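Read through the structure below, which is laid out as C-alpha cells, and then see the notes.
Every read-out reported here was derived from the displayed coordinates using simple, explicitly stated rules and does not represent laboratory data. Keep in mind that this is a model prediction, so the values were computed, not measured. Here the Cβ is made from the backbone with ideal geometry for all residues, glycine too, and neighbour counts use every protein chain on show.
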Amino acid sequence: MFRRDFVKTALAASAATLVSGVATANTTTPNTKNNFKLAYAPHFGMFQNSAGKDLIDQLKFMADNGFTALEDNGMMGRPVEIQTKIGETLAKLGMTMGVFVVDKGGNSQNTLAAGKQAHIDIFLDGCKRAVETAKRCNAKWMTVVPGDFERNLPIGIQTGHVIDALRRGADILAPHGLTMVLEPLSDSPNLFLQTSDQTYEICRAVNSPACKILFDIYHMQKTEGHIIPHIDWCWSEIGYFQIGDNPGRKEPTTGEINYKNVFKHIYTKMKANNQNFIFGMEHGNSKPGKEGEEALIKAYLESDSFTV
C-alpha cells in the first residue's frame, strides 16, 4: 500500500499470456544451473527475453537458474485465478513468494500521517484484502508505505497517527501469520518514511511480529549510506531486504555498493541467529535483451561468491 511502484506491471497483458493451467509446471524442484547462498527474488519481466512472456515459463526459468523466490508488486491487481496459479506454480517449483504491495484503493493521495479516518479505512480495507491475496499466492510479506508528510502537523503527531494505524493493520494480519514490511524510500522528500532508524522506531512502537522493516539497500544508500551499520542497528526489526545498485538502480556490480561484502555480512548474521530472509531484486537490467539477462545472472553469481 502507498508504495510508488518501481515496476509498473502490465496486469492485463500478463493475464493474457499466463498459461491456462499449471499442469505444465515442474512437479518437483528442478536441477538448477546455479546454487545461490541467499534467496534472491526476481520479478516478472526480468527474464522475459529468455523465457518469453508467459508467466509460468518465466517462473520455471527463474527456478532453473537457481532463484528460489519471486516478488510481484502488483499481485493484488491480478485476477484471482492468476494469483492462485502463481501460488500453485511456486509451490511446485519449490519457490517462495516474496512481497506484494498492499493496494491503496485507487487513492494516490492517501497518507496515514494525516490521521484522517477515511485514509485509515482505506488502509485497513487493503490489509483485509491482502489476507485473501496472500492465501492464494502463498505469501507472507506485503509492502506498506505510509504515504506523504502532512506538513501542517508536528512530526510527533504524524508519527503517532502512523503508529496507531499500523497497530490496527497488524491486528488484521497477525492472526494469519502475515507481516507488513514498512519501506522507507528515497523517491521524494514529501514521503513520511525516509530512513531506517525512523522505521525501526515505528516498528518498536507498533510492537507486533506483523510489522517489520523492508530494508531496501538501494534506497538506504541514497538516503543515509553507512549500510552495514544501519543493518546492524535495525536488525531485530528487519523482515525483508531489497536490492538495487546506486546510481542507476540496476543489478549489483553496476554501481558503488559493494554487494559481495553486504551479502556476506547479512549471511553471517543470518546463520548466527538462525534466520532467513528473501532478497527482492527490485531493480532494472543494465543491458537490454538476453545479453542483459545473462549479465544480470552473472552479476548475482559474482556478488554471491563470498566465502565465510
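Summary table
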| read-out | value |
| --- | --- |
| Max mean-square fluctuation residue, GNM over the chain, Cα-Cα springs under 10 Å, options Ser208, Ser236, Ser188 | Ser188 |
| Separation between Cα centres of the range 68-115 and the range 122-139, rounded to whole Å | 8 Å |
| For the chain, built as a Gaussian network whose Cα springs stay under 10 Å, the top-fluctuating residue of Gly87, Gly248, Gly147 | Gly248 |
| Share antiparallel - DSSP beta bridges, the chain, percent rounded to 5 | 5 percent |
| Linear extension gain, Glu302 paired with Lys271, 0.36 nm per residue minus alpha-carbon span | 9.1 nm |
| Surrounding net charge for Ile122, when Lys and Arg each add one and Asp and Glu each subtract one, Cβ distance under 13 Å | +2 |
| Part-to-part distance (alpha-carbon centres) for the range 43-63 and the range 256-293, which is given in Å | 19 Å |
| Charge sum, other residues only, whose C-beta stays under 12 Å from Gln48's C-beta, Lys/Arg counted +1 and Asp/Glu -1 | -1 |
| Residue among Gln48, Gln58, Gln242 with the largest mean-square fluctuation in a Gaussian network model of the chain, springs linking Cα atoms under 10 Å | Gln48 |
| Residues Asn258 and Glu294, FRET efficiency given R0 of 22 Å [Cβ-Cβ distance, rounded to 0.05] | 0.45 |
| Axial C-alpha extent at least 18 Å, average Kyte-Doolittle at least -1.0 - helices from the chain (DSSP) | 80-93, 117-137, 155-173, 259-273, 289-303 |
| Label point distance in nm, Asn34-Leu153, each placed 7 Å from Cα along Cα→Cβ | 4.4 nm |
| CD proxy at 222 nm, helix term only [per DSSP H run n ≥ 4: -39500 (n - 2.57); per residue of the chain; nearest 500] | -13000 deg cm²/dmol |
| Estimated inter-spin distance, Glu201 and His226, nm [label 7 Å along Cα→Cβ] | 1.4 nm |
| Distance in nm between pseudo-label sites at His176 and Ser236 (7 Å out along the Cβ direction from Cα) | 2.9 nm |
| The range 25-303: relative contact order in percent, alpha carbon pairs under 8 Å with at least 6 residues between | 17 percent |
| When each of Lys140/Lys222; Lys128/Lys271; Lys104/Lys140; Lys222/Lys290; Lys212/Lys271 is checked by Cα-Cα distance, pairs over 22 Å | Lys140/Lys222; Lys128/Lys271; Lys222/Lys290 |
| Partner lysines for Lys287 [C-alpha distance under 20 Å; skip if fewer than 8 residues away on the same chain] | Lys8, Lys53, Lys250, Lys298 |
